[in-house]
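Here's the structure, in structure tokens; my notes come after.
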């Protein structure tokens, strides 16, 4: 897209309860762990180093799915956390947090956890990103509720039926079980989207990351998607790019943010969820 990385002044690290100015609004930041023992007794485990990698890379990507209530048991946050590229390095690579407090915060004390894939790369495929599509449930084990992109097995796209994920947590291979680096992409509203891109390789440890940028864009698609034409997809930058490490949210070495999801609308703006390279969730409440 040819965007320029914006520079920013150095600020103090943002702590839980602090205000953060982002996208022209003030947000209250709540920081919680994305792993641990949750309300329903389920335990979620972080990634661990393995193979020829000696640095913990505890990044995660996110997708938000609303429930039918204003807040509470219905809202869900799907989390994918790619482990190192080595067999025998186990972690929980795909799970769902369900339920929030009145502010929309997911945390062990407020949320239930449902672990779908527990094991090494042969189990969860080192899922890189996830998108929530719908809650269709035909009972036929063919619903396409969630889409993921994985590192393992030639960078497959996979589709998952949520009801089957909830019914059958997997600890074996999933090959047959389901059908400048942008790494987070979320729809904000209408034709507006948020994109996070890293300068350097965001997929290993943080030593390879020299910067990162959050973009707020409008994407206009052609009227007929079946007809290919040069520059047929239009991208308009709606505000100044944001230097992500300059936000001082991330607790990892690079201060970069890996995962991003857009939650419910509150006070005329949406709650934002972010995940860093150190196992934290950041809920930003307008």
Exercise. What is the antiparallel percent of DSSP beta bridges lying wholly in segment 19-285, to the nearest 5?
Worked result: 95 percent
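Estimate the FRET efficiency between residue 109 and residue 167 by the formula 1/(1 + (r/R0)^6), using the beta-carbon distance for r and 35 Å for R0, to the nearest 0.05.
Numbers: r = 26 Å, r/R0 = 0.75.
That pair, residue 109 with residue 167, gives E of 0.85.
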Exercise. Give me the Kirkwood hydrodynamic radius of segment 172-286 in Å, from all C-alpha pairs, to one decimal place?
Worked result: 16.0 Å
Seminar exercise, completed: Quick note on 215, 277, ordering by fewest other C-beta atoms within 10 Å, gives 215, 277
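Once the Cβ-Cβ distance between residue 253 and residue 225 is put in as r, and R0 is 35 Å, what FRET efficiency do you end up with, to the nearest 0.05?
Values: r = 41 Å, r/R0 = 1.18.
Efficiency for this residue pair is about 0.25.
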For this session: Report the residues of segment 183-201 in range of a label on residue 233: point 7 Å along Cα→C-beta, backbone N strictly under 16 Å from it.
Result: 183-188, 191-197
Problem set entry | Per-q log10 I(q)/I(0), segment 96-155, q = 0.13, 0.18, 0.21, 0.22 Å⁻¹ (Debye; single scatterer per alpha-carbon; no solvent) | -0.51, -0.89, -1.05, -1.08
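Going highest first, how would you order 110-123, 29-42 by mean Cβ packing within 10 Å?
So the peptides 110-123, 29-42, ranked by packing, come out 110-123, 29-42.
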Exercise. In nm, to one decimal, how far is the residue 135 label point from the residue 68 one, both placed 7 Å along Cα→Cβ?
Worked result: 0.7 nm
For this session: Along Cα→Cβ, 7 Å out, is where each label goes; now give me the distance between the ones at residue 147 and residue 122 in nm to one decimal.
Result: 3.0 nm
Exercise. In nanometres, what is the gap between the two model label sites at residue 45 and residue 207, each 7 Å from Cα along Cα-to-Cβ?
Worked result: 2.6 nm
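FYI, it's all coordinate maths here, none of it is from the lab. Everything numeric here is computed off the predicted structure, so don't read it as measured data. Here the Cβ is made from the backbone with ideal geometry for all residues, glycine too, and neighbour counts use every protein chain on show.
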